[in-house]
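Note sheet for the following structure.
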Amino acid sequence: MPFDAAPPPKYTLYRQQHTLGGEVRLSGIGVHSAAAVEIVIAPAAIDHGIVFVRSDLNKKIPADFRAVSATQFCTVLKSDGAEISTVEHVMAALRGLGIDNALISVNGPEVPILDGSAEPFITAIDAVGVVEQKAQRKVLRVLREVKAQNGNAWASIAPAPASEFEFQIDYPGTAIGTQRFEVRLINGNFRHDIAAARTFGLRSDVDKLRAAGLARGGSLDNAIVVDGDEILNDGGLRFDDEFVRHKVLDAIGDLYLAGAPILGRYQGHRAGHTLNNQLLHALFADERNYAVETMANIAA
Ligand SMILES: [Zn+2]
């Protein structure tokens, strides 16, 4: 269910750094590995950033786009020989709640998929709250437009006064169809408008993924499955345009691997994790494309 009871609005783009008010713990399975895993999201100090820990291997993996090792079915990070998969939804939740500093421990190869959205992370973090830290937040301001393209799929980011996301998907002949969604992250609207949107797949793709040994933990409990013009989940959709909202959720999570919130307008057309990662590489390839600023310099 999407959020009905609206908590008091907060500005997503805080001027100060923020972390969690306490540790949160969630258990579930990996959507690809089907491994039973526990994730613990803990507060972290000023300027720590977001860091994953494979607690079973005692290895740290930074939440950094340069550490992305695979993007075909989800975003995978790798460092010092250790990998962590499907990081995008928890990254989106942290970005959506304005959390700059956190240590995310997972005792297996993949972040649990939970219900396929970012909502369970939001609910868990809400229980401990988010606290302000005594340091100014850093943001990345986009100064020049950059684009990543593959055939008729592309992602771009251009200068804008806030974090804006616009996405269009096109699945002709299915219940998904053509959908477009646009949002400016402000006043905590991530939690109401995006967090609950679940991942999705076409039934034909699910069969192929399974044959390839992937999506082994995938089910109607953690994904919307579409078969032609039919949605196979009993409860139907959480939003009429839940599919494209989830693509925005993924983009928010993938772009947070930049290491700071981005002030810019993201556009994705039939894009996915691969183009999102290529876009960050393109952005950082030239220092004239961006500036690192503190929130004090920005009229948000
Ligand atoms: Zn996703």
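The values are calculated or read from the model by the stated rules, or taken from the named source; none is laboratory data. Keep in mind it's a predicted model, so treat the numbers as computed, not measured. Here the Cβ is made from the backbone with ideal geometry for all residues, glycine too, and neighbour counts use every protein chain on show.
Data table
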| read-out | value |
| --- | --- |
| Any hit, the range 68-77, residues being in contact with a helix residue (DSSP H, G or I) (Cβ under 7 Å, 6 or more places away or on another chain), part of a strand (DSSP E or B), more than 16 Å from the ligand (Cβ to nearest atom) and not acidic (D, E) | no |
| Long-range neighbours under 9 Å by Cβ, at least six apart or interchain, first residue at pLDDT 95 or above and β-branched (V, I, T) within the range 244-263, second in a helix (DSSP H, G or I) and within 10 Å of the ligand (Cβ to nearest atom) | V248/A92; I252/E88; I252/A92 |
| Some residue of the range 211-221 being under 28 Å from L280 (Cα atoms), within 15 Å of the ligand (Cβ to nearest atom) and not charged (D, E, K, R) | yes |
| Within the range 135-151, considering residues that are over 20 Å from the mean Cα position of the chain (by Cα) and at pLDDT below 95, the one surrounded by the most Cβ atoms within 10 Å (Cβ to Cβ) | Q136 |
| Per-region count, the range 165-203, residues more than 16 Å from the ligand (Cβ to nearest atom), of a type in the set (S, T, Y) and in contact (Cβ under 8 Å) with a residue 12 or more places away in the chain | 1 |
| Options P120, P62, P112; residue that is at pLDDT 95 or above, under 19 Å from D254 (Cα atoms) and surrounded by fewer than 17 Cβ atoms within 10 Å (Cβ to Cβ) | P62 |
| Filtered residues of the range 98-109 (kept if within 16 Å of G30 (Cβ to Cβ) and either assigned to a loop (DSSP other than H, G, I, E, B) or within 13 Å of the ligand (Cβ to nearest atom) (or both)) | N107, G108, P109 |
| Selection status of E230, surrounded by fewer than 22 Cβ atoms within 10 Å (Cβ to Cβ), closer than 30 Å to R15 by Cβ and not hydroxyl-bearing (S, T, Y) | no |
| Criterion: more than 20 Å from the chain's Cα centre (by Cα) and buried (at least 18 other Cβ atoms within 10 Å of the Cβ) - qualifying residue of V248, V206 | V206 |
